[in-house]
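These notes are about the structure you will find just below.
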Amino acid sequence: MRVAVVSDIHSNLVALQAVLEDAASVDSVWCLGDTVGYGPEPEACVRTLRQRPHVAVAGNHDWAAVGKVGTEDFNPVAAAALHWTIGRLSPEAKEYLELLPQRRVEGAFTLVHGSPRDPIWEYLLSARAAATNFDYFSTPYCLVGHTHVPSYFLLRDGRVEARYAEADYELHLAAPARFILNPGSVGQPRDDNPLSSYLLLDTEQRTATSRRVAYDNAATQREMAQHGLPSPLIERLASGW
Ligand code: ZN
């Protein structure tokens, strides 16, 4: 099966459409959470995802948008965007977000938003944190998002190696090594590269291929400005930081 692994869409519909077009031949989409928050099209992003064969897990912004966590747990800019988001979501979209699980297992892959130890909140940004987290899932591979930085962690012979924001790569997920893979962010990349980021998986061939996709970020920025969303969130889309 060929899968597009996406995360942190963050209500950026233009970016999501560009990624789905790039991944047009896949059999399924696996979404690692934070479909909403920050951006201008929360409802349309939920709807677009639901129109495709997909599975998804919950992110911290998804939970905040349905009141499962408080917006006081976010920085003021994120909280302002969440208050706006809450008022834009239909009851159907809220119910969908509300029912997302924290963790799913799809074949050899465990899917979470943050980390297998703390699926909603933990940022996996170091080899040290990753090393502990290999004990918190039993499948060979784990897929995480949340940091908005494309990266992977490889456990081999008791040692963990970390790779961040690699230029294009294709990995062979060869046993007995275990992997934690982060596809980066579709809607708000934070690795100094404004292009949307996602991962193509071939579950039979056991390959993972990183992808970067250009989209019209000025269109998303214009829409955010029209809605009065915070300017730091608008500006960062151009720089990818
Ligand atoms: Zn996020």
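The values are calculated or read from the model by the stated rules, or taken from the named source; none is laboratory data. A quick note: this is a predicted structure, and the numbers were derived from the prediction, not measured. So basically every Cβ, Gly included, is an ideal-geometry build from the backbone, and we count neighbours across all protein chains shown. The area values use the complete protein model at the heavy-atom level, side chains included, leaving out ligands, DNA and RNA. Shrake-Rupley method; radii C 1.70, N 1.55, O 1.52, S 1.80 Å.
Place a +1 charge on the Cβ of each Lys and Arg in region 121-241 and a -1 charge on the Cβ of each Asp and Glu, then give the dipole magnitude about the Cα centre in debye, rounded to the nearest 20.
160
Which residue fluctuates most in the GNM of the chain (Cα springs below 10 Å): Arg211, Arg52, Arg190?
Highest fluctuation among the options: Arg52.
Within the chain, what whole-number % of the accessible surface is contributed by carbon and sulfur, with the 1.4 Å probe and all protein chains included in the calculation?
48
In terms of the Cα gyration tensor, with a ≥ b ≥ c the square roots of its eigenvalues, is region 22-89 rounded because a/c is under 1.5, prolate because a/b exceeds b/c, or oblate? Numbers along the way, then the final one.
Numbers: a/c = 2.57, a/b = 2.07, b/c = 1.24.
Because a/c hits 1.5 or more and a/b exceeds b/c, region 22-89 counts as prolate.
Ranked from the most accessible area to the least, with a 1.4 Å probe and all protein chains present, what is the order of Asp27, Asp202, Asp34?
Asp27, Asp202, Asp34
Leaving ligands, DNA and RNA out of it, rank Glu72, Glu43, Glu166 by accessible area with a 1.4 Å probe, largest first.
Ranking Glu72, Glu43, Glu166 by accessible area, largest first, yields Glu72, Glu166, Glu43.
Only Lys, Arg, Asp and Glu count, each charged at its Cβ (+1, +1, -1, -1), so figure out the dipole size of region 46-168 about its Cα centre, rounded to 20 debye. Before the final figure, lay out each step's value.
Working: 13 positive and 14 negative charges, 43 e Å.
Here the size comes out at about 200 debye.
Going toward the positive end of the dipole of the chain, with +1 on Lys and Arg Cβ and -1 on Asp and Glu Cβ, which of Ala108, Thr35, Ser197 do you reach last?
Of the options given, the answer is Ala108.
If Lys and Arg each add +1 and Asp and Glu each add -1, what is the summed charge of the other residues whose beta carbon sits under 10 Å from the beta carbon of Pro189?
Residues near Pro189 contribute 0 overall.
Please name whichever of Ala167, Gly187, Pro230 sits farthest to the positive end of the charge dipole of region 165-241, dipole taken about the Cα centre and charges placed at Cβ: Lys and Arg +1, Asp and Glu -1.
So the residue we want is Pro230.
Along the Cα→Cβ direction, 7 angstrom out, place labels at Ala174 and Leu99. What is the inter-label distance in nm?
My value for the distance between the label points is 4.3 nm.
His172: accessible area at probe 1.4 Å, nearest 10 Å²?
Approximately 110 Å² of His172 is accessible to the 1.4 Å probe.
Return the percentage of antiparallel bridges among DSSP beta bridges fully within the chain, rounded to the nearest 5 %.
Expressed as a percentage, antiparallel bridges in the chain total about 70.
How far, in nm, would the chain grow between Ala127 and His83 when pulled straight, counting 0.36 nm per residue and subtracting the alpha carbon separation?
My answer for the length gained is 12.4 nm.
Normalising by the residue count of region 2-239, find the relative contact order in percent from Cα pairs under 8 Å and 6+ residues apart.
Answer for region 2-239 is 23 percent.
Can you sort Thr147, Thr203, Thr132 by solvent-accessible area, 1.4 Å probe, largest first?
Per-residue accessible area, sorted high to low, gives Thr132, Thr203, Thr147.
Tell me the label-point distance for the pair Ala167, Ala24, using the 7 Å Cα-to-Cβ offset, in nm and rounded to one decimal.
Here the modelled spin labels are 2.8 nm apart.
Nearest 20 debye, what's the magnitude of the dipole of region 2-239 about its Cα centre given +1 on Lys and Arg Cβ and -1 on Asp and Glu Cβ?
Numbers: 21 positive and 29 negative charges, 57 e Å.
The calculation lands at about 280 debye.
In whole Å, what three semi-axes, largest first, describe the equivalent ellipsoid of region 2-239 built from its Cα gyration tensor (square root of 5 times each eigenvalue)?
27, 18, 17
Over region 1-117, with a single point scatterer placed on each C-alpha, what log10 of the ratio I(q)/I(0) does the Debye formula yield at q = 0.13, 0.15, 0.16, 0.23 1/Å?
Here the Debye-derived log intensity ratios amount to -0.46, -0.61, -0.70, -1.35.
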